[in-house]
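Since the structure comes first, as structure tokens, the remarks are kept for the end.
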Amino acid sequence: PECPCVTLAVRDTGTGIEPAIINRIFDPFFTTKAPGEGTGMGLSVVHGIVKSYGGTINVHSELGKGTTVRVFLPLVETVDSSDEHEEEPLPTGSGHILFVDDEQPLVEVGHEMLQEIGYTVSVKTDPRVALEEFRAQPDRFDLVITDKNMPTMTGFDFAREVVQIRPDIPLILCSGYHDEADAAKARELGFREIIVKPLSLREIAETIKNVLEKQH
């Protein structure tokens, strides 16, 4: 990059990345892992975060020697105080939320976020386990938030089962990749809103508040 940047470099001494696939590693859903071991969304989400801040990512890899990933982020030297403003307080609420995502770090982040804004949270990394818990006590929950792409059961399939048990339950889809076809399908299945990863505390707080208020 030509502009002054902050650089973060991460290096490993692993097997390296095949030249034939190195240009695809940031593509949504692309993975070399076996079925059930990964969704192929991790690097795509990282790329989206870096790009949203005007940055870039450079990857250099040698087979048998390892890989170096460099993240370049534009350097901000000063902040114009005239642009600063006090944000409105985060919307808070109450109720019991079932949060389902197959990636443990995202489950932990989601759990912490939702608790911070006042909700009771049950988290699950396996939608099949979440479905059994919901089936056992469907009236225990006020809202369900589910990831879209999970190895054991997709968020869409999970939602179909949930609404069969309790048609009035509010649903929010949380996805690392979003297009109009997915949005249309989500609405058909009963999802009230779609949140695109990475999760923003303000966005998730406002979305949940709106969905629950409309429910009542």
**Study point:** Residue pairs meeting the criteria (Cβ under 7 Å; at least 6 apart or on separate chains; first without any contact (Cβ under 8 Å) to a residue 60 or more places away in the chain, in the stretch 194-210; second open to solvent by 30 Å² or more (accessible area, probe 1.4 Å))
**Key:** Ile194/His178; Ile195/Glu203; Val196/His178; Thr207/Glu193
Practice item. Residues being touching a strand residue (DSSP E or B) at 6+ places or on another chain (Cβ under 9 Å) and either small (Gly, Ala, Ser) or modelled with pLDDT under 85 (or both): count how many of those fall in the stretch 77-102. Key: 2
**Study point:** Matching option when the condition is under 22 Å from Phe30 (Cβ atoms) and of a type in the set (Gly, Ala, Ser), among Gly118, Gly110, Gly95, Gly155
**Key:** Gly155
**Study point:** Candidates Gly155, Gly190 - the one that is surrounded by fewer than 18 Cβ atoms within 10 Å (Cβ to Cβ), within 19 Å of Pro127 (Cβ to Cβ) and in contact with a strand residue (DSSP E or B) (Cβ under 7 Å, 6 or more places away or on another chain)
**Key:** Gly190
Review point. Here are Thr125, Thr120: which of them is in contact (Cβ under 8 Å) with a residue 24 or more places away in the chain and open to solvent by less than 70 Å² (accessible area, probe 1.4 Å)?
Key: Thr125
Study note, to complete from the structure: Subset of the stretch 5-25, residues basic (Lys, Arg) and within 16 Å of His47 (Cβ to Cβ), comes to Arg24
Revision key, fill the gap. Residue pairs within 7 Å by beta carbon, gap of at least six or interchain, first lying in the stretch 13-36 and open to solvent by less than 50 Å² (accessible area, probe 1.4 Å), second of a type in the set (Asp, Glu) and at pLDDT 75 or above, listed first then second, are Gly16/Glu62
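The values are calculated or read from the model by the stated rules, or taken from the named source; none is laboratory data. Small disclaimer: the values here were computed from a predicted structure and weren't measured. Every residue, glycine among them, receives a Cβ derived from its backbone with ideal geometry; neighbour counts consider all protein chains shown. Note: accessible area is taken over every heavy atom of the protein model, side chains too, but ligands, DNA and RNA are not part of it. Shrake-Rupley method; radii C 1.70, N 1.55, O 1.52, S 1.80 Å.
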